[in-house]
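Encoded as structure tokens, the structure appears first; notes follow it.
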Amino acid sequence: PDGWEGIIGTIWLAEKGNGAPDGAGLLVGRGAWLLSDPCTDADHAILPDIAVGPSVDDFANALADHRLLDVTDPVDVTLAGYAGKYVNLTVPDDISECGVYRPFDPGLYAQGPGHRWHLWILDVDGLRFVVQSTDYAGTSKEHRSELKAIVKSIEIEP
């Protein structure tokens, strides 16, 4: 919609971006292995060290079970005609000691403290497909509503 921009697989608010305190965005990925400590040094590449299987449940449960992540319990969801799991992941309000806060890789790293990630983890004909919308407590109700409408409008062609 008007006021949003992006490139293939990623969009964000044109004027605010995806950063704190009031940005928003959306990206599409496959999910990944997790880092045992999501608070990493930006100067050193840290490889993910928690293996995650290829299924929807593997990724959703690995996120929910991670001892350092604030993740809701997975719930059943359908998006674009595909079944899967939905979770919310909330980045801590203080990540000042982190060079980068990155729960899984490859994937998005936190764009600021309190970043909220809404994850639809879908099974698309046997492949895991993750739709990730992001916002903050300061993101306007209007922008959150637009983002929800964007998610609901997604069509997947396997």
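Please determine, by comparing only the residues of segment 117-158 that are assigned to a helix (DSSP H, G or I) and small (Gly, Ala, Ser), which one is nearest to Gly53 (Cα to Cα). So, considering only residues that are assigned to a helix (DSSP H, G or I) and small (Gly, Ala, Ser), the one nearest to Gly53 (Cα to Cα) is Ala149. Note on segment 88-133: among residues that are in contact (Cβ under 8 Å) with a residue 24 or more places away in the chain and of a type in the set (Asp, Glu), the one that is surrounded by the most Cβ atoms within 10 Å (Cβ to Cβ) is Asp105. For segment 74-83, the criterion of being surrounded by 12 or more Cβ atoms within 10 Å (Cβ to Cβ), within 15 Å of the chain's Cα centre (by Cα) and in contact (Cβ under 8 Å) with a residue 12 or more places away in the chain is met by at least one residue. Identification of strands (runs of 3 or more DSSP E) wholly contained in segment 1-94 with 3 or more residues that are at pLDDT 95 or above and farther than 21 Å from Ser140 by Cα yields 75-79, 82-90. Only residues that are open to solvent by less than 40 Å² (accessible area, probe 1.4 Å) and over 17 Å from Val87 (Cβ atoms) were counted in segment 144-158, giving 3. With respect to the conditions (1) part of a loop (DSSP other than H, G, I, E, B); (2) touching a Phe, Trp or Tyr at 6+ places or on another chain (Cβ under 7 Å), Leu108 falls short on a single one, namely (2). Among the residues making up segment 50-70, a single one is under 14 Å from the mean Cα position of the chain (by Cα), open to solvent by less than 80 Å² (accessible area, probe 1.4 Å) and over 18 Å from Arg30 (Cα atoms): Leu69. Annotation for segment 94-104: no member residue is of a type outside the set (D, E, K, R), under 26 Å from Gly126 (Cβ atoms) and touching an Asp or Glu at 6+ places or on another chain (Cβ under 7 Å).
Look at (1) open to solvent by less than 50 Å² (accessible area, probe 1.4 Å); (2) touching a residue at least 24 places away in the same chain (Cβ under 8 Å) and you find that Arg30 fails only one, number (1).
The values are calculated or read from the model by the stated rules, or taken from the named source; none is laboratory data. Just so it is clear, the structure is predicted and the values come from calculations on it, not from any experiment. Every residue, glycine among them, receives a Cβ derived from its backbone with ideal geometry; neighbour counts consider all protein chains shown. Quick note on the areas: whole protein, heavy atoms, side chains included, nothing else; ligands and nucleic acids left out. Shrake-Rupley method; radii C 1.70, N 1.55, O 1.52, S 1.80 Å.
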